Amino acid sequence: MIDPTLSQQWKDLESHSSLLKERTLKDLIFEDSTRAENLSFEIDDLFIDFSKQMITNETIDLLGALAYERGLSEKIDALFSGEIVNISENRPALHTALRFSTGPSEDVNSAIRDALSKASEFSSAIRTGKWVGATGKPITSVVNIGIGGSHLGPLMVSAALRPYAEENITCSFVSNIDPIAIDYQLNSLEPESTLFIINSKSFTTSETITNAEAALQWAQNALGSENDLLKKHFVAVTANPEAAERLGVLKQNIFPIWDWVGGRFSVCSSVSLAAMIAIGAENFQKLLEGCHSIDEHFRSTELSKNVPALMGMIGIWNRNFLGYGNHAVIPYSADLTHFPSYLQQLEMESNGKKIRQDGDRVSTQTSPVILGGAGTDAQHSFFQLLHQGTTIIPTDFITFCKPSLPAGNLSEEVVLKQHEILVANCFAQSKALAIGSDSEPESFLSDGNRPSTTILGNRLDPFALGQLVALYEHKVFTMGVLWQINSFDQWGVQLGKQLAEIITKGLTETRSHFDHDSSTTALLDRYQKSRET
Ligand code: F6P
């Protein structure tokens, strides 16, 4: 496998970037009135505008040539047809099969269909009150206990589709091992009407198992252990059913996932059971349809018009040819508040790597740092740096022409007025970043020339959310292919997990048993002394 940076296509992009660096984004925007038309794309109701990126049509052609040379189209086929794309774990990555049972074999498809119908039936039993707790009360609180991909996806979906949620059921999420997280959550719960979803693909994740045990103890204290407690109040989502059963979860209460769906790519599986209970199976289906529309686009559209591929290629351009080490995602939608944290795992856990698929070190930078927050809040925290800081941070702006479905406390007029201000802020920020201002004195000046992409949807509904999810999943895949890294493993998180286990024991050991570096020993010492006083 040849180092991508040695290819002629990479060198052509380097020469092109040197020439383009002599121009400004402002120049590019002002000198070509057809730019927005040429550099924007539509997929169903979604409008994606790259015209505020520091690119020209030639950049797209050269990036397309690099993607072609790297075999992106073949790699996309390999992804969809279930080839082993996760080489280090010897697995395919079949998240696209989850949308419409479009997997490579009937075994995979029937497993997906069965799991989806089990989750749909269960969520409708909870929503209609057919499923009752051990004392006969309907379930009104659902608590997802999980972390990483078993938390960020369902949390993001539940929040984003809040207007579609059943009012009588609240969903909450516990992820952190800090005891206060679950402790506070339990405060607001009534054991007789609470359902816990223990969500862990591996069922070995320390935070999740520890929090699940705490929840079980709390429920047992309230309801006793001699009744239907486990049957009615605890279910699990996992690829390790034996471990879930060992914890006491009944076989019939276990919802499957599989090793061929990566945790951070699992939002379309039973991992989103809490969200499915909240919004109902029909709305969940629309989310899958939204993802599927992008899947179809990704697998069948030529690279120069392929939006997720272009997002990935422009990501490479910004990272490797313009040298930007960060990337911001700012949804102008309060309901998408959790979207940036969801993307942080998706992008950085997938592409924060330095070893190529062939075992050699990469010779270029990989994943930028992903940061973000909802607009307009983010404008009042870190946007100062985006506008005038010494670090240029390419930004994705996401917003919608129509407001999220209202909760009913405001008049239609007020909702529309506020929504207009929201969207105006979004457009104002991307314009300010790109064009800047010539104000005097210098401290007032915004240079402009700071690139962004704008994604404009019709309304944040299940279909549109599915489109966003799949756009970013395929963007991440594209970048991984161009860097020749495996976007589907995460070996880097192992060392910290192992050390945490060893150090947990160390916290209660006598000092002479410490076998750590002097810096860590000093911390353990200090901790023990403070516990003694
Ligand atoms: O620590 C990283 C990680 O393995 C993620 O990849 C994963 O989403 C998360 O932990 C949770 O894993 P699990 O679902 O197995 O509990």
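The values are calculated or read from the model by the stated rules, or taken from the named source; none is laboratory data. Note that the structure is predicted; figures quoted are calculated from it, not measured. FYI the Cβ positions are ideal-geometry reconstructions off the backbone, even for glycines, and counts take in every protein chain you see. Side chains are part of the model used for accessible areas, which takes the heavy atoms of the whole protein and leaves out ligands, DNA and RNA. Shrake-Rupley method; radii C 1.70, N 1.55, O 1.52, S 1.80 Å.
Order the peptides 402-408, 366-372, 42-48 from the highest to the lowest mean number of other Cβ atoms within 10 Å of their residues. Mind dumping the intermediate values first?
Numbers: 402-408: 14.3, 366-372: 20.0, 42-48: 17.6.
Sorting 402-408, 366-372, 42-48 by mean packing, highest first, produces 366-372, 42-48, 402-408.
Taking 0.36 nm per intervening residue step and subtracting the Cα-Cα distance, what contour gain separates residue 412 from residue 168 on full extension? Write down the numbers at each step before the final one.
Details: separation 244, 0.36 × 244 = 87.84 nm, distance 2.42 nm.
Answer, rounded to one decimal: 85.4 nm.
Which net charge results for the neighbourhood of residue 362, defined as the other residues with beta-carbon distances under 12 angstrom from its beta-carbon, given Lys and Arg at +1 and Asp and Glu at -1?
Net local charge, residue 362 excluded: +2.
Taking Cα pairs under 8 Å and at least six residues apart, what relative contact order does the range 142-222 come out at, in percent?
Once normalised by length, the contact order is 43 percent.
Just add up the charged neighbours of residue 9: K/R +1, D/E -1, any other residue whose Cβ is under 15 Å from the Cβ of residue 9.
-4
Hand me the chymotrypsin sites (Phe, Trp or Tyr not before Pro) from the range 464-520 located in a DSSP loop with no more than 12 other Cβ atoms within 10 Å, in residue order please. Numbers along the way, then the final one.
Details: sites: 472, 477, 483, 488, 491, 514; in loops: 488, 514.
Counting only loop positions with at most 12 other Cβ atoms within 10 Å, none of the chymotrypsin sites (Phe, Trp or Tyr not before Pro) in the range 464-520 qualifies.
Show that you can apply the helix-only estimate: for the chain, add -39,500 (n - 2.57) for every DSSP H stretch of four or more residues, divide by all residues, and state [θ] at 222 nm to the nearest 500.
-14000 deg cm²/dmol
Give me the percent of DSSP beta bridges within the chain that run antiparallel, rounded to the nearest 5.
Approximately 25 percent, going by the DSSP bridge assignments.
Just want to confirm a number: the relative contact order over the chain, from Cα pairs under 8 angstrom separated by 6+ residues, in percent.
RCO, the chain: 19 percent.
Which entries in 354/497; 21/353; 75/305; 26/75; 137/286 show an alpha-carbon gap greater than 24 Å? Walk me through the numbers before you get to the answer.
Working: 354/497 20 Å; 21/353 28 Å; 75/305 17 Å; 26/75 36 Å; 137/286 30 Å.
The pairs that break the limit, which is 24 Å between Cα atoms, are 21/353; 26/75; 137/286.
Pop the C-beta distance of residue 529 and residue 424 into the FRET formula with R0 = 41 Å and round what comes out to the nearest 0.05.
0.15
For the range 97-283, give me the percentage of DSSP beta bridges that are antiparallel, rounded to the nearest 5 percent.
Values: 1 of 18 bridges.
Expressed as a percentage, antiparallel bridges in the range 97-283 total about 5.
Given a cut-off of under 8 Å on Cα pairs at least six residues apart, what relative contact order in percent is computed for the range 97-283?
31 percent.
Once the other residues with Cβ under 15 Å from the Cβ of residue 256 are scored (Lys, Arg +1; Asp, Glu -1), what is the net sum? The partial results should precede the final answer.
Values: positive: 113, 118, 201, 251; negative: 107, 114, 121, 242, 245, 259.
The answer is -2.
Over the chain, give the accessible area per residue in Å² for a 1.4 Å probe, as an integer.
On the way: 23740 Å² over 533 residues.
Result: 45 Å² per residue.
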